[in-house]
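Undergrad: This is the structure I have questions about; it appears just below.
Bear in mind these aren't lab numbers, they're just calculated from the coordinates by the rules spelled out. A quick note: this is a predicted structure, and the numbers were derived from the prediction, not measured. Please note: Cβ atoms are built from the backbone with ideal geometry, for glycine as well, and neighbour counts cover all protein chains shown.
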Amino acid sequence: MEFRLSRIEISFAVQESCDNFNEPEISLKSSLRTVLAESHVSDVAIAALLLHSLNSAFLALWLPISRAATFICTAIAILDVPYYSRTLNAVDRMQLTELWGNFISALSAVASAWVLSRWIHGVGPIRSLTLSCKRLTRSNHV
């Protein structure tokens, strides 16, 4: 069978039978969970989720810690209690919204890593990564 598309020629060799044509179909009964447990895809996904949760938690905690550090440094510098407005202005509201977004992102990433790890390995994410590391160090990939 030949096709001509402008200047490109594509030919296909049609073969009516192959080597295992008469053999019955082999059914693969591996579930998604066993395939993911045997490969390293689940371990990489769990590690990425945990790293994302650490990043989001750091970003969520950075603003309150920096504001507290600024307040303390100002108090030390002027040897008095600095003025601090008790009302929230627009910038404070936006920062609180960002803080809660990062906090929710951190919680959802940890929950996702935990559910994925429990579903595939039957243990928590830290334990599954530890077991995966041990499995990698004792196997021969030669």
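Undergrad: For Ser56, are the conditions met, namely being closer than 30 Å to Ser31 by Cβ, part of a helix (DSSP H, G or I), touching a residue at least 40 places away in the same chain (Cβ under 8 Å) and not aromatic (Phe, Trp, Tyr)?
TA: no
Undergrad: Ser39 is checked against (1) surrounded by 12 or more Cβ atoms within 10 Å (Cβ to Cβ); (2) under 20 Å from the mean Cα position of the chain (by Cα); (3) of a type in the set (Ser, Thr, Tyr) and fails just one. What number does that condition carry?
TA: So Ser39 meets the others, but not (1).
Undergrad: To continue, here is another question. Kindly check whether there is at least one residue in segment 86-105 that is surrounded by 11 or more Cβ atoms within 10 Å (Cβ to Cβ), farther than 30 Å from Leu136 by Cβ and among the basic types (Lys, Arg).
TA: Scanning segment 86-105 turns up no residue that is surrounded by 11 or more Cβ atoms within 10 Å (Cβ to Cβ), farther than 30 Å from Leu136 by Cβ and among the basic types (Lys, Arg).
Yes or no, residue by residue, for (1) touching a Ser or Thr at 6+ places or on another chain (Cβ under 8 Å); (2) exposed (fewer than 13 other Cβ atoms within 10 Å of the Cβ); (3) not in a loop (DSSP other than H, G, I, E, B):
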residue: Ile76; (1), (2), (3): no, yes, yes
residue: Leu116; (1), (2), (3): yes, no, yes
residue: Gly122; (1), (2), (3): no, yes, no
residue: Ser128; (1), (2), (3): yes, no, yes
